[in-house]
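Data block below; observations after.
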Amino acid sequence: MRSSLAPAVRLIQTVSRDSWYRGFILVLTFLFYTSFHLSRKPISIVKSQLHQNCSALPHPRQNISDNDTTWCDWAPFQNADYAELFGALDNAFLVAYAIGMFISGIFGERLPLRYYLSSGMLLSGIFTSLMGLGYYWNIHVLWYYILIQIINGLVQTTGWPSVVTLMGNWFGKGKRGLIMGIWNSHTAVGNILGSLIAGAFVSSAWGLSFIVPGAIVGFFGIICFFFLIEYPEDVGCDSPQQKEETKEEIDENFQDMASSTEAIFKSVNHNIEEAGNEQNSVEHPQAISFLGALRIPGVVEFALCLLFAKLVSYTFLYWLPLYIANVAHFDPKQAGDMSTLFDAGGIIGGILAGLISDYTGGRAITCAVMLILTAPMLFIYNTFGHDQVSTSVAMLIICGMLVNGPYSLITTAVSADLGTHESLHGNSKALSTVSAIIDGCGSIGAALGPLFAGLLSKHGWSYVFYMLIAADICACLLLSRLVYKEIRTLCGCCRKNRGFTEM
């Protein structure tokens with residue numbers, strides 16, 4: 001007598017082949033961008049080690065004067081202008097990233113994504129490791145670290161347009177906000193892992209804080225080369241567009257059953273013509289121009305909104321550990337570990353923003369509400385966030401939710417929506433360019449935030465938070481037209497539904 005299949009095997013059989021491949025791509029792209037962000041975090045952890053309060057440390061007796069208050073610092077960051085130098089270091093990466101992002105989307109549309117993404121990850125691993133090798137090679141010249149940051153910023157632009165395009169190729173519009181919200185937690189997961197890995201080595205040998213993340217990025221670059229699948233059709237799976245078209249045709253045929261024979265034939269002929277046109281556009285898509293992408297409704301508003309939203313997010317990314325170390329008086333490792341709470345809140349915020357926007361259909365409304373709540377929360381955190389450890393923990397999680405929620409939604413679901421806008425008539429080639437434009441504008445804000453933080457922090461951390469609050473308000477105002485449009489659309493739908501119920 002044959003035994004029945006094991007429960008786990010039966011579960012495996014219930015999942016379709018297409019679903020297995022989509023799950024595989026979801027996990028793969030998640031790990032790829034996690035490794036990118038993991039390699040960006042160490043610089044914020046190492047800052048507090050490069051310039052410390054040397055008077056609080058045990059003083060070595062040999063070859064160092066008792067009056068030397070910078071003996072524990074790493075030149076050239078030992079002087080009073082260390083904050084400006086740290087800002088220049090951040091800016092070198094972020095400005096190069098912002099400039100490269102506008103170009104990267106164009107290359108991403110025209111080159112095989114597997115080669116493009118894997119080469120970018122391998123180069124990113126090399127240049128991240130070179131930052132850490134400065135410790136072992138005893139390099140104390142600023143230009144070395146700035147040059148490495150510039151090149152690393154350029155090569156890391158291969159990541160975001162590529163993974164967003166891959167997600168657009170494999171997943172349709174259904175529940176896109178929720179799927180993208182969960183998937184986009186790779187940003188926060190990468191930041192958390194980067195903080196923990198860098199923190200493990202920062203006090204003993206800070207060079208490993210860069211070398212280990214660099215090795216991880218390079219490893220996943222090799223995985224990308226051997227395992228990445230760019231299109232569902234490459235492995236015999238149905239594309240999301242085909243599934244959506246099939247569902248639409250079934251719905252249309254069901255609705256037309258009560259119509260006349262002539263209307264049915266017209267509907268069928270119309271569907272056949274549309275299917276033929278869409279098939280031609282999918283088989284021979286044309287890459288969209290930069291100006292053509294800007295003309296897509298909503299691209300400019302969301303891009304400018306992200307500029308200010310990412311200014312706030314990246315200021316926290318690069319300066320939060322140093323802020324915690326200075327204000328709450330934690331050591332570098334403790335400050336790095338505490339800063340991961342902000343990223344943990346970002347995971348919750350990204351998923352929550354995607355879920356709410358899917359349910360309401362209002363991407364701009366969801367972003368605006370979270371931005372409105374962020375401004376007072378930033379003020380409260382700066383004023384009362386360090387009275388007790390429990391208060392600091394709660395405030396960091398809440399701030400992470402509100403700051404990273406809109407940022408996550410715009411860079412994922414909104415970019416995917418706009419990159420597959422109905423005005424493009426099914427041309428999926430626009431997705432890489434649109435995501436690069438939106439994230440490129442955001443990267444300008446990401447470059448400005450840490451720069452301004454470095455300049456303002458020497459006058460007091462309160463000025464940094466005033467800047468963040470002002471940027472948050474600007475981000476909210478830039479969405480006002482889209483919010484008004486979505487409110488009118490939602491009100492119109494409510495009136496229609498009420499009228500239908502009354503009938």
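The values are calculated or read from the model by the stated rules, or taken from the named source; none is laboratory data. Everything numeric here is computed off the predicted structure, so don't read it as measured data. When we count neighbours, we look across all protein chains shown, and the Cβ atoms used for this are built from the backbone with ideal geometry, even at glycine. Calculation scope for accessible area: heavy atoms of the full protein, side chains included, ligands and nucleic acids excluded. Shrake-Rupley method; radii C 1.70, N 1.55, O 1.52, S 1.80 Å.
Ordering of 10-18, 380-388 by packing is 380-388, 10-18, highest average first (other Cβ atoms within 10 Å, averaged per residue).
Ligands, DNA and RNA aside, L456 has an accessible area near 50 Å² when probed at 1.4 Å.
With 0.36 nm allotted per residue and the present C-alpha distance subtracted, the D387-F107 stretch has 95.8 nm of extension available.
Using a simple spin-label model with pseudo-atoms 7 Å out from Cα toward Cβ, W20 and L196 lie 3.1 nm apart. Quantify, in whole percent, the carbon and sulfur part of the accessible surface of the stretch 431-472 (1.4 Å probe; protein heavy atoms only). That share works out to 73 percent.
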